1. Of all residues in the stretch 58-75, count the ones that are surrounded by 17 or more Cβ atoms within 10 Å (Cβ to Cβ) and outside any helix (DSSP H, G or I).
2. With the requirement that a residue be in contact (Cβ under 8 Å) with a residue 40 or more places away in the chain and of a type in the set (S, T, N, Q), what does the stretch 188-219 give you?
3. In this structure, is N189 at pLDDT 90 or above and buried (at least 18 other Cβ atoms within 10 Å of the Cβ)?
4. If you go through the stretch 75-94 one residue at a time, do you hit one that is more than 11 Å from the chain's Cα centre (by Cα) and farther than 30 Å from A203 by Cβ?
5. Count, please, the residues in the stretch 76-111 that happen to be of a type in the set (D, E) and in a loop (DSSP other than H, G, I, E, B).
6. Would you mind stating whether A152 is crowded, with 19+ Cβ neighbours inside 10 Å, part of a helix (DSSP H, G or I) and modelled with pLDDT of 85 or more?
7. Report every pair of residues separated by at least 6 positions or lying on different chains whose Cβ atoms are under 8 Å apart, first residue within the stretch 150-175 and more than 19 Å from E210 (Cα to Cα), second surrounded by 15 or more Cβ atoms within 10 Å (Cβ to Cβ) and of a type in the set (D, E).
8. Would you check which residues across the stretch 86-113 are aliphatic (A, V, I, L, M) and surrounded by fewer than 17 Cβ atoms within 10 Å (Cβ to Cβ) and list them?
Amino acid sequence: MSPELADEEQRTTGRRERNVEARRQQILQAARALLSRGGLGALSMRKLADEASLSVNTLYNLWGTREEILRALTLDARDRMEASLPKDESPDDPIEYCRSLTRASVRETCRQHELFRPMMLAWLEGEIAGHPSPIEPMAHAILMLSDVIREARTRGFLETTLNPEQVAWQIHHGAQFASIQWALGRIDNAHFEARALYGLNLAFLGLVPEERRPEIQSKLKALEPKLRMPLISEEGTL
């Protein structure tokens, strides 16, 4: 093959790959729109094809099944979240760094509410229905959190023999419940952040050396006014 033909074939291949990637992103954008409007139940392959102005066969050829498209959305959201998190690998204060990770995660979730809110609701919908959902909460930051907790223990910032992964998961469970309340519209962005940070500091209160507990208690006290919500009576009135 001549150099000219080889160059032309390479250009043609490049255009084809760019076209494929553009249509793959077109499908993901259409899936986000359907989730936003109607939740997981609105995301059928036929509706998705109509939304993306493509054929159902094209969807299968470019992504595969509906579940694979949902997994792709999850990975894309995870990557967006990871890109927003602080990248300091040797924080001077691991506990404060955990706070910054939590704060950044919540704020990025709220900033990209058009993406994360429907995905959280879709995951919740699957859980309520009693079957595993291909969409899971955005918990990628927990890996970073457990690493920082492990470092904090090693450096003497925490006095505990507890498994760092278990501590990180427990912190995450509180933030996860707050994220569901936020996705349902029952709390606002500030309340979401306050709840996530309160759970984090509360977990650390029993793990830090005695001399650092007043600082943690001060953080908790400062967050308490932001956690207050109107009580709902048995009749459902405020």
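1. Residues that pass the stated criteria total 1.
2. Listed by number, the residues that qualify are N189, N201.
3. Here the answer is no, as N189 does not meet what is asked.
4. Within the stretch 75-94, none of the residues are more than 11 Å from the chain's Cα centre (by Cα) and farther than 30 Å from A203 by Cβ.
5. 4
6. The answer is yes for A152.
7. P164/D147
8. Within the stretch 86-113, A104 is the sole residue that qualifies.
The values are calculated or read from the model by the stated rules, or taken from the named source; none is laboratory data. What you are looking at is a predicted structure, and each value in this text was computed from that prediction instead of being measured. As a convention, Cβ positions derive from the backbone with ideal geometry for all residues, glycine included, and neighbour counts pool all protein chains shown.
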